[in-house]
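Chemist: Here it is: the structure, laid out below.
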Amino acid sequence: MSMFGIGLPELMMILILALVVMGPKKMPAIAKALGRGLNEFRHATQEIKNSIEIDMSDHDQDKRS
């Protein structure tokens, strides 16, 4: 099971459908843009997670003082 609850059969069906709809010439550009978008999303969520962890540790230290 992948990140969004989509299994391999569903992912293959989506890729085949995208190939039919978009055409083979546009697929590399679309895949590249999708990869960049996912990378930016992961980076942003990691920054948010780190910020929350820092805030929580600061809050815990303030509570102990």
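Chemist: Just for the Cα atoms in the chain, what are the lengths along the principal axes, largest first, rounded to whole Å?
Modeler: The principal-axis extents, from largest down, are 62, 23, 11 Å.
Chemist: Could you give the size of the charge dipole of segment 24-64 about its Cα centre, using +1 on the Cβ of each K and R and -1 on the Cβ of each D and E, expressed in debye and rounded to the nearest 20?
Modeler: Values: 8 positive and 7 negative charges, 126 e Å.
Dipole about the Cα centre, nearest 20: 600 debye.
Chemist: Applying the Karplus parametrisation 6.51 cos²θ - 1.76 cosθ + 1.60 with θ = phi - 60° to the phi angles of segment 7-22, what ³J(HN,Hα) value in whole Hz is obtained for each residue in order, glycine and proline being reported as x?
Modeler: Karplus values, whole Hz, x for Gly and Pro: x, 4, x, 5, 4, 5, 5, 5, 5, 5, 4, 5, 4, 5, 6, 8.
Throughout, read-outs are computed from the coordinates displayed, never taken from laboratory work. The structure presented is a predicted model; accordingly, all values stated were derived computationally and were not measured. Here Cβ is always computed from backbone atoms with ideal geometry, including for glycine, and neighbour counts include all displayed protein chains.
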